[in-house]
Amino acid sequence: QVQLVESGGGSVQAGDSLTLSCAASGAVFGINTMGWYRQAPGNERELVAKITRGLVATYADSVKGRFNISRDNAKNTVSLRMISLHPEDTAVYYCHALVLVGLRFDETAALKDFWGQGTRVTVSP
């Protein structure tokens, strides 16, 4: 099992910066890609950014140039630095990890999604 705990959310004004952090614990051996998703009220959860173990990052078009994702594989953490925040960035942000499970001899390997509880980001105009 993998547990993901987010931190760093809060209320800011447009143009401000904020950094979100996520710490993974438990069976961290099989963690592959990690990322951040967000969900605003009434909307579906959407990908914000993701990063592979090889540190290859991808971003949603809406945040390219403003957000930066990074990870520390040794510490099993992933962060999202957000600059020039817009009111449209207001959402609950969720840490995500794609984990290869079933690594024991008596298990079949499979990829499984793990999610954090979420941290709220509110950006005022």
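Only one entry of Leu55, Leu47 meets the criterion of being in contact with a Phe, Trp or Tyr (Cβ under 6 Å, 6 or more places away or on another chain) and under 21 Å from Leu111 (Cα atoms), and that entry is Leu47. Out of all the residues in region 37-48, is one or more among the charged types (D, E, K, R), more than 22 Å from Val2 (Cα to Cα), outside any strand (DSSP E or B) and touching a strand residue (DSSP E or B) at 6+ places or on another chain (Cβ under 6 Å)? The answer is no; no qualifying residue exists.
Put simply, of Ser21, Ser79, Ser62, Ser25 the only residue that is hydroxyl-bearing (Ser, Thr, Tyr), within 30 Å of Ala110 (Cα to Cα), modelled with pLDDT of 95 or more and over 14 Å from the mean Cα position of the chain (by Cα) is Ser25. Among the residues of region 54-112, those that are assigned to a loop (DSSP other than H, G, I, E, B), farther than 16 Å from Gly15 by Cα and open to solvent by less than 40 Å² (accessible area, probe 1.4 Å) comprise Ala60, Asn76, Gly102.
The values are calculated or read from the model by the stated rules, or taken from the named source; none is laboratory data. Bear in mind the structure is a predicted one, so any value in this text is a computation, not a measurement. Reconstructed Cβ throughout: ideal geometry from the backbone, glycine too, with neighbour counts over all protein chains shown. In case anyone asks, the SASA skips ligands and DNA or RNA and just uses the protein heavy atoms, side chains included. Shrake-Rupley method; radii C 1.70, N 1.55, O 1.52, S 1.80 Å.
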